[in-house]
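Report on the structure given below.
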Amino acid sequence: MKHLDAKSPCGACCTRFEGLSVALEGLPILEDVSLHLHCGEITAIIGPNGAGKTTLFRALLRQVPYRGQILFTDAAGSRVGRPRIGYVPQNLSAERLAPVTVLDFLGAALCGMPAFLPPGRKKRALVREALEKTGAQALEDRRLGTLSGGETQRVLLALALAPLPDLLLLDEPVSGMDAEGLASFYRLLDTLRHDFDLSILLISHDFDFVRRYADRAVLLHHRVLACGSPEAVLGGEAFAALFPDVAGRGRR
């Protein structure tokens, strides 16, 4: 584990939430959230449904108004400009029979050109470079609607990494994956954070993943109930109160 002390040095850019609060239609969703995310770490946000996890992402992406501060600083603690943020949603809706390939989809997103235009050399090269980062080169000519859950997430992750972000957000990225896809995707994230010194923030209900791969776990239920090593958070009283069945199995 690295950087579990909030005063430890970070890489080029780290993210701080200071007293973040969000209310939607008069209903408090997040209250006084303070966190410090470090480069090269995977931070897992866990909590029950409706706890405000996705709202935290939306505040970071400036999709909802908030009170408090979201600060980006360098290793010395000096303020820096807003970082490049990559975002991977839970899933991508695509008709199985739609004639849109991975090349069409990524080419349109990366080059700003209509998907129906024939792929030129430049577009194909950009798409291949993006797919190489996630080991998904073989998917280039596949239709989006025929991809498995794991394959779709690799394509969405390739898009989020082009260009390479400073902060990568993943909202329950493994929904619907089988065991083999889960293991492969988790290994990929572990490789990416080490190779590129990325800050990775993800929402997860997979506590086995949190134990094995996360550097830090944050238990969120409208406010931060616990933050620290996965072992400490998942073994704590706050987690047991929210997830008694899971905590009970862990003690057997």
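The values are calculated or read from the model by the stated rules, or taken from the named source; none is laboratory data. Quick caveat, the model's predicted, so the values are computed rather than measured. Note that each Cβ is placed from the backbone with ideal geometry, even for glycine, and that neighbours are counted across all protein chains shown. The protein model used for the area step is the full one, side chains on, heavy atoms only, and it has no ligands, DNA or RNA in it. Shrake-Rupley method; radii C 1.70, N 1.55, O 1.52, S 1.80 Å.
In the set (1) of a type outside the set (A, V, I, L, M); (2) open to solvent by less than 10 Å² (accessible area, probe 1.4 Å); (3) touching a Ser or Thr at 6+ places or on another chain (Cβ under 6 Å), Arg216 fails one condition alone, (2).
Scan the range 171-183 and tell me whether some residue there is under 26 Å from Arg84 (Cα atoms), open to solvent by less than 10 Å² (accessible area, probe 1.4 Å) and of a type in the set (A, V, I, L, M, F, W, C).
At the first step, the residues of the range 171-183 found to be under 26 Å from Arg84 (Cα atoms) are 171-175.
With the extra rule that they be open to solvent by less than 10 Å² (accessible area, probe 1.4 Å), the set shrinks to 171, 173.
Pick out the ones that are also of a type in the set (A, V, I, L, M, F, W, C) and you get none.
No, that holds for no residue.
Here Ala160 does not fit the description of being open to solvent by 20 Å² or more (accessible area, probe 1.4 Å) and under 30 Å from Val22 (Cβ atoms). With within 20 Å of Arg223 (Cα to Cα), hydrophobic (A, V, I, L, M, F, W, C), open to solvent by less than 30 Å² (accessible area, probe 1.4 Å) and at pLDDT below 95 as the only criterion, which of Leu4, Leu37, Leu30 stands out? None of the other options fit; the residue is Leu37. The residue that is surrounded by the most Cβ atoms within 10 Å (Cβ to Cβ), counting only those in the range 73-118 that are among the charged types (D, E, K, R) and at pLDDT 75 or above, is Asp104. Would the range 186-194 turn up any residue that is modelled with pLDDT of 90 or more, out of contact with any Asp or Glu (no Cβ under 8 Å at 6 or more places or on another chain), of a type outside the set (Asp, Glu) and surrounded by 18 or more Cβ atoms within 10 Å (Cβ to Cβ)? Looking for residues that are modelled with pLDDT of 90 or more, out of contact with any Asp or Glu (no Cβ under 8 Å at 6 or more places or on another chain), of a type outside the set (Asp, Glu) and surrounded by 18 or more Cβ atoms within 10 Å (Cβ to Cβ), one finds none in the range 186-194, hence no. Has the range 45-62 got at least one residue that is in contact with a helix residue (DSSP H, G or I) (Cβ under 9 Å, 6 or more places away or on another chain), part of a strand (DSSP E or B) and closer than 30 Å to Ala240 by Cβ? Checked the range 45-62: at least one residue is in contact with a helix residue (DSSP H, G or I) (Cβ under 9 Å, 6 or more places away or on another chain), part of a strand (DSSP E or B) and closer than 30 Å to Ala240 by Cβ.
Figure legend. Inter-residue proximity from the range 215-233: first residues of a type in the set (Gly, Ala, Ser), second residues in a helix (DSSP H, G or I), beta-carbon distance below 6 Å, spacing 6+ or different chains. Indicated pairs: Ala217/Val210; Ala217/Pro230; Ala217/Val233; Ala226/Val233; Ala226/Ala238.
Of the helices (runs of 4 or more DSSP H) lying entirely inside the range 150-252, not one is found with 2 or more residues being at positive phi and not hydrophobic (A, V, I, L, M, F, W, C).
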